[in-house]
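S.K.: What follows is a structure written as structure tokens; I'll ask about it next.
Every number in this text was worked out from the coordinates using simple rules, so none of it is lab data. Computed from a predicted model, the values in this text were never measured in an experiment. For neighbour counting, all protein chains shown are included, and Cβ atoms are generated from backbone atoms with ideal geometry for every residue, glycine included.
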Amino acid sequence: MTALPVLIVDDIKAFIDDDVLPDSTIQSMINTAAARAVKVAPCLRVPIGSTDPVSPLADEASAEIVKDVMRSAVLRWIDRGSGAIYSEQSGDFSRSILKDSANLFRPNEIRDLQEVCQDYRRQQTASTILTGAPNAYQVPNVHPFVLDTDGPWY
């Protein structure tokens, strides 16, 4: 599967320091986010450069929503790091918190991705499949009822 082309490495680097992660790692995170987005909203599998007029990403607003959801998910992933336990202390109070690393997208982001796909329906087209040899069945030029032949009238 090709990654969704709505998010690029420079979109992420605008929000983080240049020395935090190499570009290859960020691109890998973007590819993972795109794969998970397609899993949540299968209509996103259609590439943005497609000539399909009913592509869900053909609409600029929909493309921007998908970009925002993926960017937020990747930036949270970068921020939480490995998902290890971190501690906070303030005076006598201290706590240790395990960062949630189970889900990439939040429930509201999943709803946003699915709403982008809600109105997307691939248009159906009629097609014919020939199951016999070519020219095995000849279509008559004149309908049999129009022919001047005697036959049963059922």
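S.K.: Need one number: nm distance between label points at ASP23 and ALA35, each 7 Å from Cα along Cα→Cβ, rounded to one decimal.
M.R.: Output for this residue pair reads 2.2 nm.
S.K.: Quick one: net charge around ILE110, please, counting Lys, Arg +1 and Asp, Glu -1 for every other residue with C-beta under 11 Å from its C-beta.
M.R.: Charge balance near ILE110 sits at +1.
S.K.: Given labels modelled 7 Å from the Cα in the Cβ direction, how far is it in nm from LYS13 to ASP59?
M.R.: 3.3
S.K.: Hey, rough spin-label estimate for SER96 and ARG80, points 7 angstrom out along Cα→Cβ, what's it come to in nanometres?
M.R.: Once both label points are built, they end up 1.9 nm from each other.
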